[in-house]
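The values are calculated or read from the model by the stated rules, or taken from the named source; none is laboratory data. Values in this document were obtained by computation on a predicted structure and should not be read as measured data. Cβ atoms come from the backbone with ideal geometry, glycine included; neighbour counts cover every protein chain shown. To get the accessible areas, we keep the full protein, side chains included, count just its heavy atoms, and leave off ligands, DNA and RNA. Shrake-Rupley method; radii C 1.70, N 1.55, O 1.52, S 1.80 Å.
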Amino acid sequence: MSTRSKVITGVIAGFVLVLLACGYLYWTGAIRIPRSFSLEKYDYSELTEYEPETFVPDLILVNNEHLIGQDYDSDIVFYRDTDVLMNSRVVDAYGELSDYIRENLNDRLYVSSTYRSYEDQERVLEEEGEEIAAQPGCSEHQTGLAIDCYVMYHAGMGFIDSEAGKYVNSHCSEYGFIIRYPQGRKDITGFDYEPWHIRYVGHPHAEIITSYDITLEEYLGYIKTGEWYRFENYVIGCCSEDDIKVPEEFAGHGLTCSRDNLGRVIIWGSV
Ligand SMILES: [Zn+2]
C-alpha cells in the first residue's frame, strides 16, 4: 500500500471511529443533539378574565424539584373491570392504546404500576432504595396519570424489544401519552430512560412534546406566563394561577385548564 493510500485509509478509519464513539455517547445520553423548539405565537389584542368550570390534571409537573403534597387530590378510579387504579382522565386513552395492541399486534398490554399513594411511595422507596425509587411527593404515579406497562416476557427495559413496546414508544402520543423519561435526558427529568413509563398529558401537548423530542420540563419551561401560542388548530396559553385571563375571542370557547405545579394555569382549546 502506498503512503498516500495508508493516509487515506487511516483518515477514513479515524472518521468511522469518531462516528461510532459519537453514536455510542448519544445512545448512552452522554451527548445530546441540541433541539430547536418553538411554537408560533398567537397575537391577541385584549385579554379578559376567565373562570374555569373545572381543572384537568394533564399538565401537572411532578419531579424531584416540584413535589406534590400528601393530600394531592387525584380522581382515582378502577380501570374497566380490573382492580388497577388510575386517574379517571387516563382510562379511555389507555383503553384505546391497549385495544389497539390486542387487535393489531396480537398481544396484551399489562400494567405493573399506575396509581401509588404517598404512603405507597414511602413503601416502594423503603423496598427499592433511593437509586431506583422516587421520594414520596416526587413520583408522578401519585397523580394516577403515569402507567408502567409491559407485555408477557418483555418487562422493564426488555419492553422496548417487543412489538407492543415499540408501538407504545413511537405511537403513544396519538393517545395523549408521552414517554416521560426519554433516552439521554436524565439531567432534565432526573430519571434514566424508562421505555415502560408512559404519562398522560393529553392533546395537543403529547404531539408537541413528542414531535419536537423534548421533555415535559422543557415544554413547560418554554411556555411563558401571559403568552399564547398556536399549534395546528389549537391555541395554548399560560396565566398565573391567581389571574386567569384569556384572549377575549376565546372566552366563549370550550377551553381546558390544567395547573402545572409551577404556580400557573395552562389553558388550551381547538379554535
Ligand atoms: Zn413509572
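Name the residue, out of L262, L255, L216, that is closer than 27 Å to Y72 by Cα and within 16 Å of the ligand (Cβ to nearest atom).
On the way: L262 fails: within 16 Å of the ligand (Cβ to nearest atom); L255 fails: within 16 Å of the ligand (Cβ to nearest atom).
Going through L262, L255, L216 in turn, the sole match is L216.
Test each condition in (1) within 16 Å of the ligand (Cβ to nearest atom); (2) not aliphatic (A, V, I, L, M); (3) not in a strand (DSSP E or B) for Y150 and report the one that comes out false.
Going through (1) within 16 Å of the ligand (Cβ to nearest atom); (2) not aliphatic (A, V, I, L, M); (3) not in a strand (DSSP E or B) one by one, Y150 breaks only (3).
So that you can scan it fast, the table gives a plain yes or no per residue for (1) over 18 Å from E194 (Cβ atoms); (2) within 15 Å of the ligand (Cβ to nearest atom):
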{"site": "V77", "(1), (2)": "yes, no"}
{"site": "V91", "(1), (2)": "yes, no"}
{"site": "E140", "(1), (2)": "no, yes"}
{"site": "A164", "(1), (2)": "no, no"}
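Could you check P182 against (1) within 16 Å of the ligand (Cβ to nearest atom); (2) at pLDDT 95 or above; (3) surrounded by fewer than 21 Cβ atoms within 10 Å (Cβ to Cβ); (4) farther than 21 Å from M86 by Cβ and say which number it fails?
(3)
State whether the residues of region 99-114 include one that is of a type in the set (S, T, Y), assigned to a helix (DSSP H, G or I) and either within 24 Å of H203 (Cβ to Cβ) or under 18 Å from the mean Cα position of the chain (by Cα) (or both). Even if it seems obvious, please write down each step before you answer.
First pass over region 99-114, keeping only residues of a type in the set (S, T, Y): 100, 110, 112-114.
Now narrow it down to the ones that are assigned to a helix (DSSP H, G or I): 100.
Restricting the remaining residues to those that are either within 24 Å of H203 (Cβ to Cβ) or under 18 Å from the mean Cα position of the chain (by Cα) (or both) gives 100.
Checked against the condition, which is being of a type in the set (S, T, Y), assigned to a helix (DSSP H, G or I) and either within 24 Å of H203 (Cβ to Cβ) or under 18 Å from the mean Cα position of the chain (by Cα) (or both), region 99-114 yields at least one hit.
One residue is enough: does region 35-46 have a residue meeting the conditions at pLDDT 95 or above, open to solvent by less than 50 Å² (accessible area, probe 1.4 Å), more than 19 Å from the chain's Cα centre (by Cα) and not assigned by TED's automatic domain parsing to the domain that holds G156?
Yes.
Could you tell me which numbered condition I147 fails, if it satisfies all but one of (1) open to solvent by 60 Å² or more (accessible area, probe 1.4 Å); (2) touching a strand residue (DSSP E or B) at 6+ places or on another chain (Cβ under 8 Å); (3) within 16 Å of Y175 (Cβ to Cβ)?
So I147 meets the others, but not (1).
Before we move on, is I223 at pLDDT 95 or above, under 30 Å from G184 (Cα atoms) and either surrounded by fewer than 16 Cβ atoms within 10 Å (Cβ to Cβ) or not aromatic (F, W, Y) (or both)? Please lay out each step first, then the result.
Numbers: at pLDDT 95 or above: yes; under 30 Å from G184 (Cα atoms): yes; either surrounded by fewer than 16 Cβ atoms within 10 Å (Cβ to Cβ) or not aromatic (F, W, Y) (or both): yes.
Yes, satisfied.
Working only within region 153-189, note down all residues that are over 18 Å from I214 (Cβ atoms), in contact (Cβ under 8 Å) with a residue 24 or more places away in the chain and part of a loop (DSSP other than H, G, I, E, B).
Once the filter is applied, which keeps residues that are over 18 Å from I214 (Cβ atoms), in contact (Cβ under 8 Å) with a residue 24 or more places away in the chain and part of a loop (DSSP other than H, G, I, E, B), region 153-189 yields A155, S162.
D242: out of contact with any Ser or Thr (no Cβ under 8 Å at 6 or more places or on another chain) and free of Cβ contacts under 8 Å to residues at least 60 places away in the same chain, yes or no? Working first, answer last.
On the way: out of contact with any Ser or Thr (no Cβ under 8 Å at 6 or more places or on another chain): yes; free of Cβ contacts under 8 Å to residues at least 60 places away in the same chain: yes.
Answer is yes for this residue.
I'd like the full set of residues that are in the same structural domain as G254 (by TED's automatic domain parsing) and among the small types (G, A, S), limited to region 203-237.
Residues satisfying the conditions are G221, G226, G237.
If you take the residues in region 115-138 that are part of a loop (DSSP other than H, G, I, E, B), within 11 Å of the ligand (Cβ to nearest atom) and among the hydrophobic types (A, V, I, L, M, F, W, C), which one is modelled with the lowest pLDDT?
I132
Which pairs have Cβ atoms under 8 Å, sit 6 or more apart or on different chains, and link a residue in region 97-120 that is on the phi > 0 side of the Ramachandran plot and in contact (Cβ under 8 Å) with a residue 24 or more places away in the chain to one that is open to solvent by 40 Å² or more (accessible area, probe 1.4 Å) and more than 14 Å from the ligand (Cβ to nearest atom)?
Here the result reads none, with nothing in region 97-120 linked to a residue that is open to solvent by 40 Å² or more (accessible area, probe 1.4 Å) and more than 14 Å from the ligand (Cβ to nearest atom).
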